[in-house]
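First the structure, in the form of structure tokens, and then the observations on it.
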Amino acid sequence: MIDAADDEDKEATREIVTSMLSEKIPEETFGPSKAANGMWAAQLRVMDAITGDTKFIYEFEQNESVVW
């Protein structure tokens, strides 16, 4: 989006894109987060094996992961 904007609109477009990317949207409504093209997303979810309840969620930054 930023690359497609006119030179005079690039800064405003950059602010809008940054705002859109930082907004948390409800996973129940929109599904799990998705990464941008050429990138990937990761999430750590700890669940109760018996009830299936989620006990903890950690969302990693784009292209960030954990190595065990």
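Listing for the model above:
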| read-out | value |
| --- | --- |
| Fully extended contour minus Cα-Cα distance, from LYS10 to ILE57, at 0.36 nm per residue | 13.4 nm |
| Distant alpha-carbon pairs in the chain (separation over 20 angstrom), percent | 49 |
| Relative contact order (%) - the chain, alpha-carbon pairs under 8 angstrom, separation at least six | 21 |
| Rounded to 10°, Cα long-axis angle of helix 10-22 versus longest principal axis of the chain | 10 |
| Cleavage-rule hits, trypsin sites (Lys or Arg not before Pro), segment 12-68, DSSP coil, Cβ neighbours within 10 Å at most 14 | LYS24, LYS34 |
| Loop-located GluC sites (Glu not before Pro) in segment 8-68 whose Cβ has at most 13 other Cβ within 10 Å (DSSP) | GLU23, GLU61, GLU64 |
| Förster radius 30 Å - calculated FRET efficiency between TRP40 and SER19, Cβ distance, rounded to 0.05 | 0.85 |
| Calculated [θ] (222 nm, deg cm²/dmol) that DSSP helices of n ≥ 4 give over the chain, each run adding -39,500 (n - 2.57) | -7000 deg cm²/dmol |
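Throughout, read-outs are computed from the coordinates displayed, never taken from laboratory work. Computed from a predicted model, the values in this text were never measured in an experiment. Because the Cβ atoms are built from the backbone with ideal geometry, glycine has one as well, and the counts that use them run over all protein chains shown.
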